[in-house]
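**Q** Pasting a structure below so you can have a look.
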Amino acid sequence: MCGIVGIINSKDLKLKAINVLNKLEYRGYDSAGVSFLAKNKIKTITEVGKIAELSKSLSSDSYSSFESVIGHTRWATHGIVSKNNAHPFSNQKISLVCNGIIENYNELKLKYLKSHKKIIESDTETIFLVLNELSKEIPDNKKLIKKLVSIIKGHYAFLIYFSNTQEVFSLKSGSPLSVGKSSNGIYFSSDSSALNEYVDNIYHLKDGDIIRVLGQDTSFLNSKNVNFEPLKKTSNEFSKGDFKHFMIKEIHEQPLVIKNTQKYYDVDYFLDFRNKLKDVSKELDSFVFVGCGTAYHACLIAKYYFEKYTDIDASCEYASELRYKKISSKKRSIYVFISQSGETMDTLMALKYVKSKGYNTIVVTNSLESTMVREANITLPTYAMKEIGVASTKAFTCQLLALANLSIEVGLVRKNINKKEYLQLKKDLRNIPAKLIKILKNSSYIEKVVNLLSSSKACYFIARNIVFPIALEGSLKLKEISYMHSEGFAGGEMKHGPIALIDKDVLSICLNPKNELYEKSVSNCEEILARGGKVIVFSSKSLGSKKNLLEILMPKENYIDTPFIYTLPLQLISYYFALNEGTDIDQPRNLAKSVTVE
Ligand code: F6R
């Protein structure tokens with residue numbers, strides 16, 4: 001997490017730095033800061049809170065006497081949210097910003113900063129002070145940086161400025177950092193898309209890279225041949241359009257992005273992919289799906305799809321668990337990593353770990369420029385376009401689409417489904433946008449749901465089979481943006497414990513598609529109503545009217561489109577309830593979009 005920016009040898013520094021930081025704000029918004037840089041001169045301004053606060057604090061000065069700027073937007077890891085812990089850390093000699101975690105900072109503190117009286121809370125402040133100490137003995141900045149790299153352990157991306165020589169060094173190990181060049185300066189950013197307006201060519205730093213910038217010259221301390229590639233640009237990514245929040249804009253974009261992604265799969269991607277799959281999937285024992293948070297819920301849905309359309313074993317792992325687990329190198333498995341950002345630290349580390357054991361890897365991602373794409377053997381892209389709202393919506397449904405397609409391709413290759421069934425399933429997938437449009441149009445129930453949520457102390461989502469992961473996802477959405485207590489339960493588990501939670505102040509949201517488990521799901525609703533609980537049921541078959549029951553009719557579903565149909569209304573009710581609660585919907589407290597620390 002955290003976002004860093006560097007604009008070297010350029011003009012309009014204030015405007016540009018704030019513009020890029022605003023685009024990086026999704027990576028963390030606890031505090032922000034900038035250092036304006038010139039020969040023997042550093043001016044640092046930091047603020048607690050969002051970029052808007054920092055922007056207000058920057059005086060009307062245009063900072064035109066400075067040549068460069070580095071900046072940071074923070075998601076706190078070590079040390080409380082405070083001005084003192086905000087980056088950049090600077091004095092008149094050095095200024096630095098960091099994205100990541102320095103794991104051995106306590107060790108370094110003991111070794112190099114024994115005489116320091118000040119309480120040092122953060123890992124980055126430690127590195128700043130250590131660098132100052134080392135600079136007393138190592139006057140050459142290149143040597144100093146190499147020494148620093150040799151003593152720090154962790155995952156990081158740094159920008160470091162020395163005012164005596166006006167050198168800027170960028171270092172990367174684990175955390176993303178890209179550099180772009182233009183006639184108007186050299187630009188660094190944690191996310192290359194934040195540089196769209198300023199550069200045409202980009203280089204994504206590799207682990208171990210150290211770049212030194214002096215004036216308009218960039219030199220690589222560790223490698224000679226570095227290729228800058230054209231930066232892929234998309235328009236309007238950072239605009240809310242007519243919507244109040246990115247989240248609701250992104251919810252409404254789902255029919256379009258699903259249509260575009262499916263079109264790409266139909267006419268292009270899977271034609272070639274099928275050949276690649278033929279080689280691997282016939283010889284396989286299992287598919288293992290790996291992700292975190294919402295992406296993990298997509299993994300769970302993938303398991304249902306694979307069980308339905310293929311004869312191959314499928315299992316799911318939390319990336320944060322898998323990366324520390326013993327895995328046998330004997331099984332013939334393919335690991336599928338699901339990550340909107342392609343940068344989530346736990347997922348990335350799990351991918352590297354699995355690769356080191358000799359397994360083939362696929363990454364399903366929305367970020368084609370991401371580190372996971374560079375690491376995995378095969379990329380299965382989603383075309384959800386940039387997702388800015390911290391709570392994932394359209395990226396999730398596009399992940400489901402990718403996994404549905406993958407499962408039926410595997411089923412076809414292994415002859416578990418025939419061509420006719422395959423074509424029908426493809427048709428069902430192509431029909432999803434129309435069903436979603438219908439759901440978006442018919443949202444008259446939302447006010448009632450918001451009122452019921454407002455009068456409840458907790459909300460539980462209950463479902464079975466392929467919609468059970470959607471209950472988990474609905475619950476995650478609600479809690480992360482409205483902060484209401486919520487959990488998701490498998491219907492059959494209710495009587496094994498959770499039903500004890502039911503009383504008149506608790507709201508249960510049941511997802512009851514009309515499938516072979518419909519009657520059992522109805523029994524769950526009845527059991528809750530019988531205990532005085534309030535129930536909202538989303539279903540394509542009416543239950544009839546009952547006291548304490550609000551019924552919301554859904555379009556008829558097929559197995560393959562069920563998760564899409566039941567996800568959308570849950571996203572909508574979370575959004576409108578959070579709106580009613582007045583929370584910060586696009587940037588909920590304590591969260592960040594891209595979790596690039598452990
Ligand atoms: C919740 C949410 C998170 C992410 C998770 C993984 O709405 O967005 O749970 O799904 O942090 O992120 P990615 O998909 O970028 O790896």
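**Q** Whole number in Å², please: accessible area per residue of the stretch 1-62, 1.4 Å probe, ligands, DNA and RNA not counted.
**A** The answer is 36 Å² per residue.
**Q** Still on this model: Pick out, in residue order, every one of the GluC sites (Glu not before Pro) in the stretch 207-268 that is DSSP loop and has at most 16 other C-beta atoms within 10 Å; say none if there are none.
**A** GLU237
**Q** Once neighbouring chains are kept in place and the probe is 1.4 Å, which whole percent of the accessible area of the stretch 246-430 is contributed by carbon and sulfur?
**A** Ligands and nucleic acids excluded, carbon and sulfur reach 49 percent.
**Q** Also, I was wondering about something else. How big is the convex hull of the Cα atoms of the stretch 535-577, per residue, in Å³?
**A** Dividing the Cα hull volume of the stretch 535-577 by its residues yields 71 Å³.
**Q** Right, here's the next one. Find how many whole Å separate the alpha carbon centroid of the stretch 256-277 from the alpha carbon centroid of the stretch 169-245.
**A** Result: 29 Å between the Cα centres.
**Q** Show that you can apply the helix-only estimate: for the chain, add -39,500 (n - 2.57) for every DSSP H stretch of four or more residues, divide by all residues, and state [θ] at 222 nm to the nearest 500.
**A** -11500 deg cm²/dmol
**Q** In the neighborhood of ASP266, defined by Cβ-to-Cβ distances under 14 Å, what is the net charge if each Lys or Arg adds +1 and each Asp or Glu adds -1?
**A** Neighbourhood net charge equals +2.
**Q** In square angstrom, what is the accessible area per residue of the stretch 446-581 with a 1.4 angstrom probe?
**A** 37 Å²
**Q** Angle between the Cα long axis of helix 394-413 and the longest principal axis of the chain, 0 to 90 degrees, nearest 10?
**A** Helix 394-413 sits at roughly 60 degrees to that axis.
**Q** Tell me which cysteines of the chain come out unpaired when the rule is another cysteine's Cβ under 4.7 Å.
**A** Result for the chain is CYS2, CYS98, CYS292, CYS398, CYS459, CYS510, CYS525, no neighbouring Cys Cβ within the cutoff.
**Q** Identify the trypsin sites (Lys or Arg not before Pro) of the stretch 3-49 meeting these criteria: DSSP loop state and at most 15 other C-beta atoms within 10 Å of the C-beta.
**A** Here the sparse-neighbourhood loop sites are LYS11, LYS39.
**Q** Then there is this: Counting heavy atoms of the protein chains only and a 1.4 Å probe, report the per residue accessible area for the stretch 246-430 as a whole number of Å².
**A** 37 Å²
**Q** Which of the residue pairs LYS249/LYS394; LYS276/LYS427; LYS181/LYS233 have a Cα-Cα distance greater than 21 Å in the structure shown?
**A** Correct reply: LYS276/LYS427.
**Q** Can you grab the distance from the C-alpha centre of the stretch 485-540 to the C-alpha centre of the stretch 100-147, Å, no decimals?
**A** 55 Å
**Q** Pairing the Cα long axis of helix 419-430 with the longest principal axis of the chain, what angle in degrees results, from 0 to 90 and rounded to the nearest 10?
**A** The answer is roughly 70 degrees.
**Q** At a 1.4 Å probe radius, carbon and sulfur cover how many percent of the accessible area of the stretch 446-581?
**A** 51 percent
**Q** Kindly identify the stretch 3-230 as rounded, prolate or oblate by the Cα gyration tensor criterion: order the square roots of the eigenvalues as a ≥ b ≥ c, call it rounded if a/c is under 1.5, otherwise compare a/b with b/c, prolate if a/b is larger, else oblate.
**A** rounded
**Q** Once you have a ≥ b ≥ c as the square roots of the Cα gyration tensor eigenvalues for the stretch 246-430, tell me rounded if a/c is under 1.5, and otherwise prolate or oblate according to whether a/b is larger than b/c.
**A** Verdict is oblate for the stretch 246-430.
**Q** Note down the accessible area of LYS181, probe 1.4 Å, to the nearest 10 Å².
**A** Counting only protein heavy atoms, the figure is 90 Å².
**Q** How would you classify the stretch 134-174 from its alpha-carbon gyration tensor, with a ≥ b ≥ c the square roots of the eigenvalues: rounded for a/c under 1.5, else prolate if a/b is greater than b/c, otherwise oblate?
**A** Here the stretch 134-174 falls in the oblate category.
**Q** Just in the stretch 457-519: which trypsin sites (Lys or Arg not before Pro) are loop by DSSP and have at most 16 other Cβ atoms within 10 Å?
**A** Qualifying residues, ordered by number: LYS457, LYS504, LYS514.
**Q** For the stretch 246-430, what proportion of DSSP beta bridges, expressed in % and rounded to the nearest 5, is antiparallel?
**A** Around 0 percent of the beta bridges assigned by DSSP in the stretch 246-430 are antiparallel ones.
**Q** While we're here: List, largest first, the extents of the alpha carbons of the chain along their principal axes, each in whole Å.
**A** Taking max minus min along each principal axis of the Cα atoms, the chain gives 78, 55, 44 Å.
**Q** Sticking with this structure for a sec: May I ask for the angle, rounded to the nearest 10°, between helix 293-309 and the longest principal axis of the chain, with both axes built from Cα atoms and the value confined to 0 to 90°?
**A** 40 degrees
The values are calculated or read from the model by the stated rules, or taken from the named source; none is laboratory data. Since we're looking at a predicted model, the values are computed, not measured. A quick note on method: Cβ atoms are made from the backbone with ideal geometry, for glycine too, and the neighbour counts reach across all protein chains shown. In case anyone asks, the SASA skips ligands and DNA or RNA and just uses the protein heavy atoms, side chains included. Shrake-Rupley method; radii C 1.70, N 1.55, O 1.52, S 1.80 Å.
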